[in-house]
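One structure below.
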Amino acid sequence: MSKLSIIVAMARNRTIGVNNTLPWRCPEDLKHFKTLTMGHHMIMGRKTFDSIGKPLPGRTTVVVTRNAELKIEGCTIAHSLQEAIDVCAGDPEIFIVGGADLYRQAVSLVDTLYITEIQQDVEGDAHFPEFDASVWQEASREVRSQETPQPLEYHFVTYRRK
């Protein structure tokens, strides 16, 4: 059976996006995302796909949409989170990569949370759902910071379901 994981970068106040983009610039977080997801299936909502703009190389992109007519070259289309998960059968680890609505549906199903915790509050219009911290155990934490392209402190944290 596949391991189901969420990967997200989230501000202290749970913000994950603004106007369908990331509200910060953090190249190391993008590298971290690429390292973890390379060779795997990524499940994302259509708006998240639109914000990326193309299928990411080396990974299988599964787009969840209610639009029965939607076809995107180089992507697999699914019409529910469960259908998307079923399409990924055989992958040892499947990543849910956003947005907020898919995270809400998936947080009770996943085994692992890979959260880049941005150590400040950030204004935004998309937020990561509240989750019950008591069912999660911190497995690792890497403290990082950057000066450019903007000063930012962030932690790469892995949580595993207890």
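What follows is calculated from the coordinates using simple rules that are stated; it is not laboratory data. As the structure is a prediction and not an experimental result, all values here were calculated from the model. No Cβ is skipped: glycine too gets one built from the backbone with ideal geometry, and neighbour counts run over all protein chains shown.
Mind checking which residues of segment 140-162 are within 18 Å of the chain's Cα centre (by Cα) and small (Gly, Ala, Ser)?
SER140
Can you find even one residue in segment 132-148 that is basic (Lys, Arg) and assigned to a loop (DSSP other than H, G, I, E, B)?
Checking segment 132-148: not a single residue is basic (Lys, Arg) and assigned to a loop (DSSP other than H, G, I, E, B).
Yes or no: GLY90 touching a helix residue (DSSP H, G or I) at 6+ places or on another chain (Cβ under 7 Å) and either under 20 Å from SER2 (Cβ atoms) or surrounded by 17 or more Cβ atoms within 10 Å (Cβ to Cβ) (or both)?
no
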